[in-house]
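Throughout, read-outs are computed from the coordinates displayed, never taken from laboratory work. If you're wondering where the values come from, they're calculated on a predicted model, not measured in any experiment. Here Cβ is always computed from backbone atoms with ideal geometry, including for glycine, and neighbour counts include all displayed protein chains.
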Amino acid sequence: MQQIHDLRVIKTRNAIHQAFYEELAQTPFEAITVAGLASRAMIGKATFYNHYTDKYDLAKQLILTELSTLDRALISRVSEGGFDAVSDPLPEQYGDNIRHLKLMSTIHTPELDFTTVTKARFGETFRTIIQQCPVLLKHSDAVADNLTALAYSFFVTTINQAQPLDQTETREQMHEFFLTLSMLREAPPVTLD
């Protein structure tokens, strides 16, 4: 696979990516072929294989790339404006990322599953954050798993919204969520009979 970052490589990869998104918008992932992608991208199959091992490799790399782009935007936002800034609408420049992730969220095959890849990425991120916490957690993996499930649920809801999330409503939901967590933490233990 080529790792060169010259203009020809960039243009070829962009053509492959565009062809993939166009195909995925019209065809179930299982029916997409390398030959079809190559034809739509106006390249040969051998050129495709110079960049990706197969359509699963292409899709996984695109999922991770789109998630990384959003990660950087959200991390930057939190460092500049605090946690409340997460609920601010993403600038229009991230619209393609959201559309691409929504398209790829339909990929669920034995070879590649969007949910599995995305949750693994979120889990890695939360484990890294937890390791950097000044508080030593006894059950850090379980905490990371729970944060991953919560973040994935919010993420899927966000990318599947027909309209962008209302900023005020999102902040209210987050406030209520954290308020509920605080109340649960202070509430007496509940026993199940």
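Ordered by the number of other Cβ atoms lying within 10 Å of each residue's own Cβ, fewest first, T148, T158, T27 fall into the sequence T27, T158, T148.
Converting phi to 3J(HN,Hα) with the Karplus coefficients 6.51, -1.76 and 1.60 and the offset θ = phi - 60°, the range 98-105 yields 5, 4, 5, 5, 4, 4, 6, 5 Hz in sequence order, with x at every glycine or proline. Which lysines have a Cα lying under 26 Å from the Cα of K60, excluding residues fewer than 8 positions away in the same chain? Cross-link targets: K11, K45, K102, K119.
Shown for K11, K55, K138: other C-beta atoms within 10 Å of each C-beta, ranked fewest to most, produce the order K138, K11, K55. Using the Karplus relation 6.51 cos²θ - 1.76 cosθ + 1.60 with θ = phi - 60°, the per-residue 3J(HN,Hα) values for the range 118-134 come to 5, 5, 4, 4, 4, x, 4, 4, 5, 5, 5, 4, 5, 5, 8, 5, x Hz, with x marking Gly and Pro.
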